[in-house]
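The values are calculated or read from the model by the stated rules, or taken from the named source; none is laboratory data. Note that the structure is a prediction, hence the values are computed from the model and not measured. Glycine also receives a Cβ, built like all others from the backbone with ideal geometry; neighbour counts cover every protein chain displayed. Keep in mind that these areas ignore ligands, DNA and RNA; they rest on the heavy atoms of the full protein, side chains included. Shrake-Rupley method; radii C 1.70, N 1.55, O 1.52, S 1.80 Å.
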Amino acid sequence: MPQRTGITTATTTAVRQAGEYDLVELLRLRTLLFDDLGGDFFNPATDDGSWLDTLAVVLKDQLTADDVRILVVDGGDGDAGGLAACGIGTIEQRLPGPHLRNGRIGHVIGVITDPAHRRRGHSRAIMRGLLDWFRDREVARVDLYASPEGEPLYRDLGFTDLPDPALYWRP
């Protein structure tokens with residue numbers, strides 16, 4: 001088994017970079033995320049679960065990608081090695097401009113804590129780890145979409161509303 005080295009934050013929550021041995025738990029937590037978000041947008045009636053197979057392949061590739069950081073907190077408490085929480089950060093290179101000096105935008109994707117481990121500072125510790133990673137890579141801005149439950153945490157960490165509305169299109 002690979003050595004698990006972690007970063008300990010001020011809240012004493014040990015955050016570490018995910019490894020390939022975490023894939024099953026990362027899939028479980030991503031499923032919980034979409035169950036928590038609910039609605040037709042995140043859980044369409046036509047879903048057959050095949051997205052999990054695709055997610056497993058993509059996550060495996062991204063575990064070692066330079067522009068992706070997947071951070072986790074181990075569950076402990078006799079969970080047989082389960083994860084308590086995870087969060088994903090990605091960096092996208094866009095064209096620089098006066099509002100985006102180097103064109104590097106960070107994205108926080110899917111910070112989720114298992115319900116049995118909530119209210120212990122795990123999401124905050126993961127976010128601090130991701131924000132440090134973004135800082136080290138000199139991103140000009142970090143974007144995220146917040147659930148109503150997560151919004152107070154993100155605002156406390158300094159996130160504000162985007163000046164433009166967020167829109168989407170599906171082909």
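Worth a mention:
- Residue that is farthest from the chain's Cα centre (by Cα), among those in the range 121-140 that are within 17 Å of residue 93 (Cβ to Cβ) and buried (at least 16 other Cβ atoms within 10 Å of the Cβ): 140
- Test for residue 55: is it modelled with pLDDT of 70 or more, open to solvent by 20 Å² or more (accessible area, probe 1.4 Å) and closer than 25 Å to residue 127 by Cβ: yes
- Restricting attention to the range 90-120, the residues that are in a loop (DSSP other than H, G, I, E, B), open to solvent by less than 70 Å² (accessible area, probe 1.4 Å) and closer than 13 Å to residue 141 by Cβ add up to 2.
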